[in-house]
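What follows is a short report on a single structure.
The values are calculated or read from the model by the stated rules, or taken from the named source; none is laboratory data. Note that this is a predicted model, so its numbers are computed, not measured. Counting neighbours? That spans all protein chains shown, and the Cβs are built from the backbone with ideal geometry, glycine included.
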Amino acid sequence: MMVIVVLALLAGVHRYLWRRLVGDTTAGGSAMRRAGTVAAYVLPLLSVGALVSGRAGAPFWLQRVLAWPGYLWLAAVLYLTLALLVGEAVRPVLRRVLERRAGRPDDADTASADGAKDADPASDANNASTADHSNLSVDAPGAPGAPDVADAPGAGTSAAPATLVAEAPAPPRPEAPSRRLFVARAVGGAAAVAGLGTVGLGTHGVLRGPRVKRITVPLAKLPRSAHGFRIAVVSDIHLGPILGRAHTRRIVDTINRTQPDLVAVVGDLVDGTVADLGPAAEPLARLKARHGNFFVTGNHEYYSGAAQWVDQVRELGLHPLENDRVEIDGFDLAGVNDIAGESEGQGPDFARALGDRDRTRAAVLLAHQPVVIHDAVAHGVDLQLSGHTHGGQLWPGNFIADLANPTGAGLDRYGDTQLYVSRGAGAWGPPVRVGAPSDITVVELASPRA
């Protein structure tokens with residue numbers, strides 16, 4: 001049922017887009033209308049193909065062919081629709097402005113002609129005079145209503161024959177577009193520029209790579225010896241048909257420049273199998289941190305073969321924390337599996353990861369989804385590091401992310417536990433971010449004893 005509702009909604013949105021961007025702005029049978037109609041059918045099919053090809057096990061080359069146009073069109077649909085909805089409010093205002101300028105709500109050409117006539121009384125007199133002279137010049141013998149030559153005064157005298165001059169009619173001026181067509185094209189063009197421009201800027205932000213954020217988090221139990229400890233948090237890299245090896249290299253280089261003490265990869269590394277994306281993940285082997293590189297699963301790992309990816313990242317030098325913990329100088333670092341693993345009997349196990357630890361020590365937990373924060377509070381965690389939300393990724397998705405998660409992005413506090421949620425370093429679906437820039441966060445731990 002949900003699939004039918006979604007497909008019906010997509011069909012309705014595409015019908016609206018066609019009407020406003022094609023039907024209202026082009027002539028029937030024109031090449032532009034035919035091209036727009038073809039695009040209105042082909043682009044949504046590419047989007048559906050991009051969404052289902054990976055799950056359907058399509059060859060990776062086909063996934064890549066479908067991904068770019070299919071996913072980008074999904075983002076374009078969102079922002080074109082939002083821009084056109086704003087245009088619905090602008091449309092009547094623009095019509096009224098044009099009507100006032102024309103003087104009355106008739107066609108633009110008629111209004112202009114009437115205005116010119118009313119504005120120049122002298123032209124009326126000239127026209128009248130011209131008409132009178134014209135009548136005199138065209139009256140000729142034998143013409144209906146003209147005096148007979150024999151009866152005219154002085155008919156017996158010789159006179160020069162009258163010369164008739166006929167002016168050639170002026171070529172008809174091309175008819176200007178109607179006011180309605182002008183408004184449709186103006187609003188549609190502005191919406192296209194705004195919508196596609198937004199997608200273009202959002203795509204550039206993703207392909208440019210994530211920016212570094214820095215925050216300081218005080219932990220009451222942190223000893224003075226660990227003051228200033230820096231954890232580079234990266235989540236939601238989403239290697240796949242669009243973001244590949246070059247994307248991983250950019251992230252690794254950015255992390256290494258921060259010279260962290262520890263790297264935490266907090267889930268959703270991939271959208272695909274090891275066979276397809278293993279080479280794209282290889283640059284992770286170049287991560288450098290004094291206390292090592294750690295990894296926990298996200299929900300997308302369980303769509304892509306979590307067990308194989310855990311083995312793969314271990315070979316690349318990352319330490320998977322599967323409901324486990326390690327002791328770092330000054331605090332405990334724990335990690336739990338993502339809740340998506342529950343379908344495979346591999347969900348989060350807080351008792352195993354944290355149950356028997358010394359609670360006088362500070363604890364930092366890696367957990368992909370923020371929703372497990374209440375379990376973290378119950379087990380005495382001081383700081384939870386998460387991702388998953390993308391900060392909404394595409395505005396106004398940030399409002400949905402805030403509703404669906406305890407914290408959509410940034411630092412928050414729940415009892416004695418602090419939660420930091422990264423917006424992520426990549427993008428899922430459309431390689432576009434609007435209002436939620438990608439980030440790698442350097443979390444610096446602070447001790448009150450320092």
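For segment 376-386, check the following and say yes or no: at least one residue is without any contact (Cβ under 8 Å) to a residue 40 or more places away in the chain, surrounded by fewer than 24 Cβ atoms within 10 Å (Cβ to Cβ) and under 20 Å from residue 425 (Cα atoms).
First pass over segment 376-386, keeping only residues without any contact (Cβ under 8 Å) to a residue 40 or more places away in the chain: 378-380, 384.
Filter again for surrounded by fewer than 24 Cβ atoms within 10 Å (Cβ to Cβ), leaving 378-380.
In the following step, the residues that additionally are under 20 Å from residue 425 (Cα atoms) were identified as none.
No, because not a single residue in segment 376-386 is without any contact (Cβ under 8 Å) to a residue 40 or more places away in the chain, surrounded by fewer than 24 Cβ atoms within 10 Å (Cβ to Cβ) and under 20 Å from residue 425 (Cα atoms).
Touching a helix residue (DSSP H, G or I) at 6+ places or on another chain (Cβ under 6 Å) and charged (D, E, K, R): does that describe residue 359?
Considered against the rule, which asks whether it is touching a helix residue (DSSP H, G or I) at 6+ places or on another chain (Cβ under 6 Å) and charged (D, E, K, R), residue 359 comes out as no.
Yes or no, residue by residue, for (1) in a helix (DSSP H, G or I); (2) within 24 Å of residue 241 (Cα to Cα); (3) free of Cβ contacts under 8 Å to residues at least 24 places away in the same chain; (4) not assigned by TED's automatic domain parsing to the domain that holds residue 67:
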{"residue": "10", "(1), (2), (3), (4)": "yes, yes, no, no"}
{"residue": "14", "(1), (2), (3), (4)": "yes, no, no, no"}
{"residue": "19", "(1), (2), (3), (4)": "yes, no, yes, no"}
{"residue": "22", "(1), (2), (3), (4)": "yes, no, yes, no"}
{"residue": "33", "(1), (2), (3), (4)": "yes, no, yes, no"}
{"residue": "37", "(1), (2), (3), (4)": "yes, no, yes, no"}
{"residue": "41", "(1), (2), (3), (4)": "yes, yes, yes, no"}
{"residue": "44", "(1), (2), (3), (4)": "yes, yes, no, no"}
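Taking into account only those residues within segment 268-294 that are in a helix (DSSP H, G or I) and in contact with a Phe, Trp or Tyr (Cβ under 7 Å, 6 or more places away or on another chain), which is surrounded by the fewest Cβ atoms within 10 Å (Cβ to Cβ)?
274
Which residue out of 241, 260 is in the same structural domain as residue 316 (by TED's automatic domain parsing) and closer than 17 Å to residue 61 by Cα?
So the residue among 241, 260 that is in the same structural domain as residue 316 (by TED's automatic domain parsing) and closer than 17 Å to residue 61 by Cα is 241.
Show the residue pairs that are 6+ apart or on different chains and have beta-carbon atoms under 7 Å apart, the first residue being within segment 223-236 and closer than 10 Å to residue 446 by Cβ and assigned by TED's automatic domain parsing to the domain that holds residue 247, the second being at pLDDT 95 or above and of a type in the set (Asp, Glu).
As it stands, the answer is 228/444; 229/261, since those pairs meet every condition given.
Against the condition touching a strand residue (DSSP E or B) at 6+ places or on another chain (Cβ under 8 Å), in a helix (DSSP H, G or I) and aliphatic (A, V, I, L, M), how does residue 222 come out, does it pass? Talk me through it step by step, then tell me what you get.
Details: touching a strand residue (DSSP E or B) at 6+ places or on another chain (Cβ under 8 Å): yes; in a helix (DSSP H, G or I): no; aliphatic (A, V, I, L, M): yes.
No, not satisfied.
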